[in-house]
Amino acid sequence: MRQEGILQHSASRLLGLIPTLLVLITIAFFMIRLAPGGPFDSEKILPPEIKANLEAKYHLDEPLVKQYFRYLGQIITLDFGPSFQYKDWTVNELIARGFPVSLTIGGLAIVLAFFLGTLIGIVAAMRQNTAVDYSLMGVAMLGISIPNFVVAPLLILLVAVYAGWLPAGGWDWSVQRMVLPVVTLALPAIAYIARLTRGSMIEVLNSNYIRTARAKGLPEHLVIRRHALKPALLPVISFMGPATAGLITGSVVIERIYSIPGLGSYFVQGALNRDYTLVMGVVIFYGVIIILLNFIVDILYAWMNPRIRYNEAQ
Amino acid sequence: MLASCHDQDGEFARPREKRDQPVELVLLDDGRPHPAVLAEDQTVIRGNGEEPQTLDPHQAESVPSANILRDLFEGLTTEAPAGDIIPGAAIRWNISRDARTYTFYLRRDMLWSNGDPLTADDFVFSLRRAASPATASPSATMLLPIQNAREVLANELPVEDLGIALLDKYTLQITLTGPTPYFLGLLTHPVAYPVNRRNLEEFGDEFSRPDKLVSNGAYVLRDWKHRVSIELEKNPLYREAENTIVDHVIFMPIEDVSVEVTQFRSGALDWTNEVPNNQFAWLQRNYPDELVISPWMGSYFFGFNLEVEPFVQNPELRQALSFAIDRQIITDKVTQFGEQPSFALVPPGIEDYIPFVPEYADWTQEQRNEEARRLYELVGYSHENPLRTEIRYNSSENHKKIALAIASMWKQVLGVNTSLVNEEFRVFLQNRQQKVITQVFRAGWISDYNDPYSFLELFRTGDGRNDYGYSNSIFDAVLDEVATERIRARRSRLMFEAERILLSDFAVIPIYSYVTKRLVDQHLKGWQNNVMDHHLTRYMYKLKSREAEETVTIETVVKEEEQ
Amino acid sequence: MNSSIDLQVEDPFAAAMIEVDVRGRSLWVDAWHRLLKNRAAVISGIIMATMLLLVLVGPALSPWEGDFTDWDNTSAPPSLETGHWFGTDSVGRDILVRTLEGGRISLLVGLVATLVSLVIGVSYGAIAGYYGGFTDRIMMRMVDIVYALPFMFFVILLMVVFGRHIVLIFVAIGAVNWLDMARIVRGQTLSLKNTEFVEAARACGVDHHAIIRRHIIPNLLGVVMVYVTLTIPQVILVESFLSFLGLGVQEPMSSWGALVNDGAQDMESAPWTLVFPAAFLTVTLYCFNYIGDGMRDALDPKDRL
């Protein structure tokens, strides 16, 4: 019964992806073009003849609606078109090059954050209101309180420039170059996850069935592992969907400070340069990822929380 | 793990603090370095600002692209280390008496990097491609002095009508619409570089990629890791290959200036594109030998919107506002890097041109403040009835600080109430162009060629770049004369006159003239400061370290003993 | 009071019925007493009150004005002699006054934007989660769509259409931040609505709005409070990111985020431009955190033993 519900649910969610994406594309397409300025504006303003040639080349001289349908026709074939800013590359290529990098760093960061964060959260919850709790959470809070544009240069200065242990930045897929970015990216996520885990763990530990479990004389670590862990992780799982999507699609701050060729910069650079095709490409890509991840989170949520029943009729 | 990293010194260089000193430079009689002082590894790693947009020379417009293209390609003319225009692919040229026809004689033994011979026909093909509407080159502005270029770009004439004629296999004639003394300089711009026709036909839009790009310069493209690095290696077929010492150049795209400095300090760069604005004192103290500052072909100024109140027909007010700014403080305390405080539009350092210097440039700031207060009251403002205005600038640390400083000076000297408006770049550009909501705004100009005309023509009535709404028929008339004048001295005097008119109208507030500032590893020599900030890698070479020299000797001794 | 707890333990159905009446009145009073017993929260509260007072009154007491540029002391280190206790920035502005003035903006942005996201997020998430089914799917799909939109464009558009105003920063940040809140609240609601006391209330014919208001939302408060304390620093940092992109508060106004951002550029050459604003920022975020924790513990209905 429950299994069937999930399958049914999955199918409808996946079908629902198409209208969602269509709305997303439509909103993004028109929003981007409403922003003032165009992709070929610069301080050295082009003579009208040259500007007209450029606009004709990229079909920007057509009516907006025509451009919109042209674009829709184009992305059905999964062709995101050429980038306006990086003229030698197509948007597909840029995403194909940037995503593996962001996925690696973001994926490592989220895995690190998940394990470290839940661990800190559980320990703090078990020792609620003790010195252990306070100091663990105090340290974790540093991850949220210090912005990553401070942490990153500070780490570079200490670890790369003064100590010379790791390179200051750049990218060649080597582990040395991943350490600092992954740590910087994971810090706030560790703090968030630790806090969420601690909060919900305390709540779960105070619930009736845990009391019952304890009353039966089950040792505390077994209580946690067998009964408390799953429900306590529910808010964390909720958080993981968007957090993972955010981390694996890159961070503009990390990429800029560590000179990493990830996806994150395209969101900001593409927007600032009015690189319409690039922005549309990353927006659609990000949209697909986040919808998929939320979907996975929902499944996980259902799996971990038997109280949710998908086939339930209201 | 950290310990193991520490051991692998070869993986990445040690911090700059522990770096070795280079050996003394010894030059041969012909000015080249003595082979004994050269480092074994002639790889130069250059910080290069943001990721280049393209390596198609005809599509490129950004400085980072141009830096790389200058190493990959060579135009009819090229630049010496100090920036003088010297023969490139053309060994010599004739200029007709009316200064409108240039005949270029090409070197006869030149080859493309794929082995094809390089002939005049390649240049005809390439210049036509650059001017063709289908190419839609954003830099085609540089070609406008060529006859019929405007019509070709506007698709009114076929590209064959462009004023370029092939005289024979090695001779080429270019006809201009008017005398353009800086034309030889324009030919060093990437838009005038040749592209290989066969290469283009084979790969189409993808010709500018590694493994595909065919070039004619000192280097060829070896690898392009998008947003990581662009690697060039020496082109053995280049005409000066045997005198080119650096055999690998790696351009690193690093957007953030402070990041560039940390990378340099950690030893990952030999050359930075820039250094952060307010770290002068610190850099001066810690890297005095690496810090290089030199004048640049650009002016930093603020513009008035002359189409709105209160600035229309109000030169006295504009003068008061200009006078109340202490430029010395801005260059000493804010920009800090030895920028020249300026009262003129055209920066110093242009050949054959003495910029106009108004008499008040020699006054003390107190005198100027006095005069500013007098004028301010003259046009009806006072502390009780202050001027309310705004300064608009695009988001940037430097612009912000200068705007702040100016607002503070206006407040302290005149009591002006200034609000600051910081806008995202494209929004800023659009507002500036529309000339409706702007009042005082950040402006500035860095020229693509070494000529005052580049600065002056921005203020011609109706020019697309005239965001100031400046319109003065006498000024326009003088500019028209400049465009047709072929005698250099007279042309110079006319431009001087135009600049004088513009500055007497107080259409802009000149603040300072730009400098280039960067860190350069002491091992890297052979380059020279120049106002265009063009540095071809083929002139550079790397000295070996003192320590390395000792090690070499020891090794040699050991080997000898073994033998 | 006591009877309610006993009932809750032994008979959730009856507890739910009584809660409909009792809870509304006593929850907050009770929680307040609980909060006062939490030492960390109380100390944090006192620090925040002091901070608030400093930020509001401090600039008026200082001999310097926030936009005054002291050209004789640019990038000057902290010193009693010059009168710049926290030093000056690169154009000679007093860091102390700037930090206090920046605090006003940061706290305002943090509080208002969080409030906006709280109100939108909680009601949206609770409704979606409670009604479930088709409503839920449509509502969450809308969240997904807004999630995937580029934040930058949203902000630029707001700035262009309505002009530049600090209220817009609240709106922009709040309008983006409610999404996380809505998702988390929805998730919690989904699990809450199948609990016994909600089912009991439903069985007794209590209408949906009343159930959401009286049962779902109060029970969400714990998680929401924790999330709010996480949202405030997030909002303050988002604001600084906006300043960084040129879309934040206008100079000469400032905010802690913007000051820290500036300071980070000169952390080696002028560390005081980073350290002082960062200290204020960090202390504030910590305090919000402990107050939030305290509130969570105080509001947690299951913890009232």
## Note on the structure
A student asked for the Cα radius of gyration and Dmax of the protein assembly as shown in angstrom ought to give 33.1, 110
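Residues with beta-carbon under 14 Å from that of B:VAL346, excluding B:VAL346: net charge, scoring Lys, Arg +1 and Asp, Glu -1?
-3
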### Task
Quantify, in whole percent, the carbon and sulfur part of the accessible surface of chain B (1.4 Å probe; protein heavy atoms only).
48
### Task
Return the tail of the calculated pair distribution for region A:26-118, meaning the percent of Cα-Cα pairs more than 22 Å apart.
48
### Query
Ballpark to the nearest 100 Å², how much total accessible area do A and C bury together, probe 1.4 Å?
5600
### Query
So how much accessible surface do B and C hide from each other in total, probe 1.4 Å, in square angstrom to the nearest 100?
2100
#### Entry: Label-to-label distance, nm, for residues given as B:ARG388 and B:ALA281 (7 Å Cα→Cβ offset)
3.7
### Message
Keeping every protein chain present and rolling a 1.4 Å probe, give me the accessible area per residue for the protein assembly as shown in Å².
### Response
39
### Query
What relative contact order, as a whole-number percentage, does chain B give when Cα pairs under 8 Å and 6 or more residues apart are counted?
20
### Query
What are the ³J(HN,Hα) values, in whole Hz, obtained from phi via the Karplus relation 6.51 cos²θ - 1.76 cosθ + 1.60 with θ = phi - 60°, for each residue of region B:481-498 in sequence order, with x given for Gly and Pro?
5, 4, 5, 10, 6, 9, 8, 4, 4, 5, 4, 4, 5, 5, 5, 4, 4, 4
### Message
Taking a cut-off of 17 Å, what percent of all Cα-Cα pairs in region A:199-293 are separated by more than that?
### Response
64
### Task
Whenever you get a sec, line up A:LEU103, C:LEU221, B:LEU502, A:LEU15 from highest to lowest accessible area (probe 1.4 Å, protein heavy atoms).
A:LEU15, A:LEU103, C:LEU221, B:LEU502
### Task
Based on the mean of other Cβ atoms within 10 Å per residue, sort peptides B:237-249, B:514-526 so the most packed one is first.
B:514-526, B:237-249
### Query
Taking the Cα centre of each part, how many Å lie between region B:97-156 and region B:300-316?
41
### Task
Mind running the shape call on chain B? Use the C-alpha gyration tensor, a ≥ b ≥ c as the square roots of the eigenvalues: rounded below 1.5 for a/c, prolate if a/b tops b/c, oblate otherwise.
oblate
### Query
Per the 1.4 Å probe, what fraction of the accessible area of chain A, in percent, lies on carbon and sulfur atoms?
70
### Message
Along the Cα→Cβ direction, 7 angstrom out, place labels at C:PHE134 and A:THR77. What is the inter-label distance in nm?
### Response
3.9
## Note on the structure
From highest to lowest solvent-accessible area (probe 1.4 Å; ligands, DNA and RNA excluded), A:ARG274, B:ARG460, B:ARG209 read B:ARG460, B:ARG209, A:ARG274
### Query
If R0 is 60 Å, what FRET efficiency do you get for C:ALA203 and A:LEU34 from their C-beta distance, rounded to 0.05?
0.75
### Task
Mind listing, in residue-number order, the residues in region B:219-249 that have at least 50 Å² less accessible area with every protein chain present than in their own chain alone (1.4 Å probe)?
B:HIS226, B:ARG227, B:VAL228
### Query
Rounded to the nearest 10 Å², what accessible area does B:TYR453 show when all protein chains are kept and the probe is 1.4 Å?
20
### Task
Determine, from the Cβ-Cβ distance of B:GLU351 and C:ILE166 and an R0 of 51 Å, the FRET efficiency 1/(1 + (r/R0)^6), rounded to the nearest 0.05.
0.50
### Task
Name the shape class, rounded, prolate or oblate, that the alpha-carbon gyration tensor gives for region B:293-516, where a ≥ b ≥ c are the square roots of its eigenvalues, rounded holds for a/c under 1.5, and otherwise prolate holds if a/b is larger than b/c and oblate otherwise.
rounded
### Query
What does the accessible area of A:HIS59 come to, in Å² to the nearest 10, when a probe of 1.4 Å is used?
70
### Cα-Cα separations in chain A greater than 32 Å, expressed as whole percent
44
### Task
For region A:105-191, run through the chymotrypsin sites (Phe, Trp or Tyr not before Pro) and keep only the ones in DSSP coil with at most 10 other Cβ atoms within 10 Å of their Cβ.
A:TRP173
### B:ASP533 accessible area, 1.4 Å probe, all protein chains in place, Å² to nearest 10
20
### Task
Round to a whole angstrom and tell me the spacing of the C-alpha centers of region A:110-153 and region B:429-503.
59
### Viscosity 1.567 mPa s, 4 °C: Kirkwood-radius Stokes-Einstein D of region A:55-161 over Cα pairs, µm²/s
69
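What does the charge count near C:PHE276 come to, summing +1 for each Lys or Arg and -1 for each Asp or Glu among other residues with Cβ under 14 Å from its Cβ?
-3
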### List B:ILE95, C:ILE212, ordered by accessible area with a 1.4 Å probe, largest first
B:ILE95, C:ILE212
### Task
Please give the residues of region B:191-208, grouped as numeric ranges, whose backbone N is less than 15 Å from a label point set 7 Å along the Cα-to-Cβ vector of A:LYS44.
B:191-193
### Largest-first principal axis extents of the Cα set of region C:27-303 (Å)
76, 47, 29
### Chains B and A, summed buried accessible surface - 1.4 Å probe, Å², nearest 100
4900
### Message
Can you compute the FRET efficiency between B:GLU366 and C:TRP85 using 1/(1 + (r/R0)^6), with r the Cβ-Cβ distance and R0 = 25 Å? Round to the nearest 0.05.
### Response
0.20
### Spin-label pair A:ARG225/A:LEU158, simplified geometry with 7 Å Cα→Cβ offset, distance in nm
3.5
#### Entry: Computed lengthening from B:ALA483 to B:VAL436, 0.36 nm per intervening residue step minus Cα-Cα distance
13.8 nm
### Message
Could you tell me how many cubic angstrom of Cα convex hull volume region A:92-272 has per residue?
### Response
133
### Query
Using alpha carbons only, what's the Rg to Rh ratio of region B:455-520 with Rh from Kirkwood?
1.07
### Task
Give the longest segment of chain A that steers clear of GluC sites (Glu not before Pro) in DSSP loops with at most 15 neighbouring Cβ atoms within 10 Å, not counting the sites themselves.
A:44-311
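The values are calculated or read from the model by the stated rules, or taken from the named source; none is laboratory data. The model shown is predicted, which means the values in this text are computed figures rather than measured ones. Backbone-built Cβ (ideal geometry, glycine too); neighbour counts: all protein chains shown. These accessible areas exclude ligands, DNA and RNA; they are computed on the full protein's heavy atoms, side chains included. Shrake-Rupley method; radii C 1.70, N 1.55, O 1.52, S 1.80 Å.
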